[in-house]
Amino acid sequence: MSGDTLRVEGLNADYGRRRVIEGLDLSDIAPGRVTGLIGPNAAGKTTLLRALAGLTPAKGRIRLGSTELSRLDLAGRARFVTYMPQALPPRSGLTVLEANLAALHASPESLADGAPRGEAARRLALDTLARLGIADLALRGLSELSGGQRQLASLAQCLVRAPRVLLLDEPTSALDIRHQHRVMQLVSEIAAERGMIVLVVLHDIALACRWCRRLVVLRKGRIAADGPPEVAITPELLADVYGVAARVERCSRGQVQVIVDGVLEAEPTKGALMAEPADSRLMAEPAGAGRAGSPSRDGAAA
Ligand SMILES: Nc1ncnc2c1ncn2[C@@H]1O[C@H](COP(=O)(O)OP(=O)(O)OP(=O)(O)O)[C@@H](O)[C@H]1O
């Protein structure tokens with residue numbers, strides 16, 4: 001088991017002339033635990049994961065231990081990194097098991113080191129499905145599955161590859177509450193078993209606080225907070241980054257709980273990057289059209 005950490009230095013990512021990730025540094029993302037990446041819509045979370053995976057061009061250094069991932073091409077990067085996209089996988093004629101076996105065999109690492117074949121590969125693929133609680137779907141076609149079942153099947157394909165670095169983009173967005181926690185628990189267990197680095201994008205702050213030992217909060221392509229949930233998540237951060245009036249409390253078990261009291265007035269210079277500057281005129285409210293009754297930043301109703 002490797003103790004290598006993932007480090008990012010001076011990362012910039014652009015779409016044309018628009019800079020989405022700005023000089024981003026991430027100190028040692030540790031193996032064996034789950035790190036959460038949270039932030040408002042359009043903050044750049046997907047862009048960051050895709051840049052780490054080599055799917056979106058970016059400048060800067062990305063290192064896994066002494067391996068400079070940022071110098072590797074896409075195929076080279078795929079030996080170390082697996083990315084699960086936000087979108088559900090397209091429907092296909094494969095069964096869940098066939099798709100899992102294809103993912104296992106397509107892993108360049110597997111091809112290189114002669115990883116399980118035949119019956120051993122089948123057992124490994126089935127075991128992964130069983131751990132996710134979807135062994136009963138093994139022989140079902142991917143095109144027959146519900147949204148949540150497709151998301152679980154997609155996650156199984158990432159886990160079976162046993163990457164050193166697993167990047168999950170909203171892996172629980174289609175799941176019910178039990179499956180959300182089951183997935184986060186399983187990913188935490190597998191991260192610890194394999195010494196895997198896991199960076200997961202989540203919108204559900206409660207889920208993130210429950211399962212992530214470290215939270216990186218992204219806002220407009222920059223890091224707004226970084227640390228354990230009890231340090232990173234504060235009422236001030238939730239107001240500044242998300243524009244909500246919220247309390248942060250501890251439950252009887254000491255876990256961080258976020259209680260949202262209301263939505264703050266939109267503040268164009270501090271809100272999420274939902275529109276380009278030129279577009280923002282289209283979204284601007286008429287002068288004096290503040291929302292009556294919305295709480296102010298200190299949580300009191302205006
Ligand atoms: N392919 C693209 N071409 C141009 N702009 C893009 C592209 N993909 C994303 N963007 C822009 O980059 C910014 C960051 O998008 P990104 O998808 O990384 O945000 P996010 O934090 O993952 O958002 P969400 O929580 O809504 O999924 C947004 O302003 C978005 O419009």
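Could you please let me know if SER143 is open to solvent by 10 Å² or more (accessible area, probe 1.4 Å) and touching a residue at least 60 places away in the same chain (Cβ under 8 Å)?
No, not satisfied.
Output the residues belonging to segment 224-249 that are within 17 Å of the chain's Cα centre (by Cα) and within 13 Å of the ligand (Cβ to nearest atom).
Answer for segment 224-249, where residues must be within 17 Å of the chain's Cα centre (by Cα) and within 13 Å of the ligand (Cβ to nearest atom): just ALA224.
If I ask for residues that are farther than 12 Å from LEU167 by Cβ and in contact (Cβ under 8 Å) with a residue 60 or more places away in the chain, which ones from segment 48-63 would you list?
none
Within segment 192-249, can you find the residues that are under 26 Å from PRO85 (Cα atoms), open to solvent by 30 Å² or more (accessible area, probe 1.4 Å) and not in a helix (DSSP H, G or I)?
HIS203, ASP204, ARG213, ARG214, ARG219, LYS220, ARG222, ILE223, ALA224, ASP226, PRO228
Of the numbered conditions (1) crowded, with 20+ Cβ neighbours inside 10 Å; (2) under 30 Å from ARG7 (Cβ atoms), ILE134 satisfies every one except a single condition; which is it?
It fails just one condition, (2).
Given (1) open to solvent by less than 60 Å² (accessible area, probe 1.4 Å); (2) modelled with pLDDT of 95 or more; (3) farther than 22 Å from LEU215 by Cα, where does LEU168 come up short, assuming only one miss?
Every condition holds for LEU168 apart from (3).
What do you reckon, is PRO85 assigned by TED's automatic domain parsing to the domain that holds ARG161, closer than 17 Å to LEU202 by Cα and in contact with a Ser or Thr (Cβ under 9 Å, 6 or more places away or on another chain)?
yes
Select, from GLY32, GLY60, GLY76, GLY23, the only residue that is at pLDDT 95 or above, under 30 Å from ARG123 (Cβ atoms) and surrounded by fewer than 21 Cβ atoms within 10 Å (Cβ to Cβ).
Step by step, each of GLY32, GLY60, GLY76, GLY23 is checked, and only GLY32 is at pLDDT 95 or above, under 30 Å from ARG123 (Cβ atoms) and surrounded by fewer than 21 Cβ atoms within 10 Å (Cβ to Cβ).
The values are calculated or read from the model by the stated rules, or taken from the named source; none is laboratory data. As the structure is a prediction and not an experimental result, all values here were calculated from the model. Counting neighbours? That spans all protein chains shown, and the Cβs are built from the backbone with ideal geometry, glycine included. Note: accessible area is taken over every heavy atom of the protein model, side chains too, but ligands, DNA and RNA are not part of it. Shrake-Rupley method; radii C 1.70, N 1.55, O 1.52, S 1.80 Å.
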